[in-house]
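**Q** Quick one: the structure is below, and I'll ask about it shortly.
The values are calculated or read from the model by the stated rules, or taken from the named source; none is laboratory data. Being a predicted model, the structure only gives us computed values, none of them experimental. Cβ sites come from the backbone with ideal geometry, for glycine too, and all protein chains shown count toward neighbours.
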Amino acid sequence: MGKPSRDAEGAVKDPKQLGLGTRLAHLGRPGAKAHGFVNPPLHRGSTVLYETMAQRRAHMRKRFDQALTYGLQGSATHHALEDVIADIEGGHRAQILPTGLAAVTTALLAYLGAGDHVLMPDSVYGPVRSFCDTMAKRLGITTTYYHAESTAESLAPHFRPETRVLYCESPGSHTFEIQDVPALAALAHARGAAVLMDNTWGIHAFQPFLHGVDASIQALTKYPVGHSDVLLGSVTVREEKHWHRLRDAALALGQYASPDDCWLALRGLRTMAVRLDRQAQSALEIAGFLRARPEIREVLHPALPGAPGHDLWKRDFSGACSLFGIVFDPRFTIEDTHRFVEALQLFGIGASWGGYESLALPTNGFVSRTVDGKALEAPMVRLHIGLEEPDDLIADLAQALDFASGGQGGSASLDPPLGP
């Protein structure tokens, strides 16, 4: 990105030419020169009052997504957050939802109905798989799971005349497959299907609408909030026709996020660029350390040279985040990985990621695959790197690996087996 152009008075002409950190510090606010508190106020409310019935009738004649007639349509707090998220994603407009999962299911229901077919990567986030296999199925929506590393050529036969959505998640949950989103999106559009993508991992590093995505989904719970204390989601769309479809679905389903949570997300976004940069750097340093350990067979971090998917990551992403996986040596059992996680002192055992604290979560037994069973054959652990000092985290990982490998009571041994 070059220096932003300026007008005769020295003001920046195009705010989109500013860096991410600068935009996050200033978007969704009245402005640096505006008199008043630096942060926007919190707007709560359900009932909207009118001075006259004529005024109310005029509002009611507007599209439901354009009229402020009830709190369900959001407030200035919601709209400020939506503007920031749409800017980060490079999209037309964004809808805020109460959770990341609500963002996924609302987006799917906006594009799918009875008799329709959706293509889902086998590595998709577990609760999304559950939705497809239960509620979506009861609604007459059919799901086909495809290999997460499918090429356009290998995926093409899975499309049907009734295929309405191709869903992508790159990297994939727990196994971190990078998808060739531009090629898959071109295929989907040629077959008349919309492309939906979970872009939470790449919120700052992958521009979905430059790669053919129609609706980009975020679990704002992760990096935008950043403090592990709010559940929130968003869907950003490429253009107006997708916006009406999404907004109508969100309002029809009564999807409403708390303005308090939206305000907290706006506060978290102010520091997201700094947190992400620090956490991404720490994660790469720690991934390199783990790759050199004899207990680890493979590190699943797309930004690590030589890791699976690295070439596609290098082509399509401008950065990484702090979430990756490790695959243990085959001599380790699933129980050994549990001992490893339990021996960690600075890593919590818990779901989610993107917050300030480091987390470790075993994969085996908690994740389903129906197409690529080999992806889960070896014992695996997912790591989220927080804001702790990387040297401290490395020391903690080292002692836990020693413990799990038998040095302090673990069962696995890296000594060569006896006999020929």
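**Q** Report yes if A375 is out of contact with any Phe, Trp or Tyr (no Cβ under 6 Å at 6 or more places or on another chain), surrounded by fewer than 19 Cβ atoms within 10 Å (Cβ to Cβ) and of a type in the set (A, V, I, L, M), otherwise no.
**A** Against the criterion (out of contact with any Phe, Trp or Tyr (no Cβ under 6 Å at 6 or more places or on another chain), surrounded by fewer than 19 Cβ atoms within 10 Å (Cβ to Cβ) and of a type in the set (A, V, I, L, M)), A375 does not qualify.
**Q** Any residue that is of a type in the set (G, A, S) and in a loop (DSSP other than H, G, I, E, B) - is there at least one of those in region 245-255?
**A** Looking through region 245-255, at least one residue is of a type in the set (G, A, S) and in a loop (DSSP other than H, G, I, E, B).
**Q** Collect the residues in region 145-163 that are crowded, with 16+ Cβ neighbours inside 10 Å and touching a helix residue (DSSP H, G or I) at 6+ places or on another chain (Cβ under 6 Å), keeping them in residue-number order.
**A** Y146
**Q** Working only within region 329-355, note down all residues that are within 22 Å of the chain's Cα centre (by Cα) and either at pLDDT below 95 or surrounded by fewer than 15 Cβ atoms within 10 Å (Cβ to Cβ) (or both).
**A** I349, G350, A351, S352
**Q** Let me ask you something else. Of the numbered conditions (1) modelled with pLDDT of 95 or more; (2) in a loop (DSSP other than H, G, I, E, B); (3) within 22 Å of Y125 (Cβ to Cβ), V235 fails exactly one; give the number of that condition.
**A** (2) is the only condition that V235 fails.
**Q** Is it the case that region 46-65 has a residue that's assigned to a loop (DSSP other than H, G, I, E, B), within 21 Å of S258 (Cα to Cα) and at pLDDT below 85?
**A** yes
**Q** Report the residue count in region 150-169 for those that are in contact (Cβ under 8 Å) with a residue 40 or more places away in the chain and either closer than 14 Å to D122 by Cβ or assigned to a loop (DSSP other than H, G, I, E, B) (or both).
**A** 7
**Q** Among what's in region 201-232 and is in contact with a His (Cβ under 9 Å, 6 or more places away or on another chain) and not in a loop (DSSP other than H, G, I, E, B), pick the residue that is farthest from E89 (Cα to Cα).
**A** Only one residue tops the list, namely A215.
**Q** List pairs: first residue in region 371-385 and outside the structural domain of S123 (by TED's automatic domain parsing) and closer than 17 Å to F332 by Cα, second residue in a strand (DSSP E or B) and aromatic (F, W, Y) anywhere in the structure, Cβ distance under 8 angstrom, at least six positions apart or on different chains.
**A** Close Cβ pairs satisfying both conditions: A378/F328; P379/F328; M380/F328; V381/F328; R382/F324.
**Q** Same structure again: For the list (1) in contact (Cβ under 8 Å) with a residue 60 or more places away in the chain; (2) small (G, A, S); (3) under 22 Å from G354 (Cβ atoms), I need the number of the one condition that A110 fails.
**A** Among (1) in contact (Cβ under 8 Å) with a residue 60 or more places away in the chain; (2) small (G, A, S); (3) under 22 Å from G354 (Cβ atoms), A110 violates only (3).
**Q** If I ask for residues that are touching a His at 6+ places or on another chain (Cβ under 7 Å) and not in a loop (DSSP other than H, G, I, E, B), which ones from region 96-144 would you list?
**A** Within region 96-144, I96, L119, T142, T144 meet the criteria.
**Q** Looking only at residues that are in contact with a strand residue (DSSP E or B) (Cβ under 8 Å, 6 or more places away or on another chain), touching a residue at least 40 places away in the same chain (Cβ under 8 Å) and in a helix (DSSP H, G or I) in region 277-328, which one is nearest to I203 (Cα to Cα)?
**A** A283
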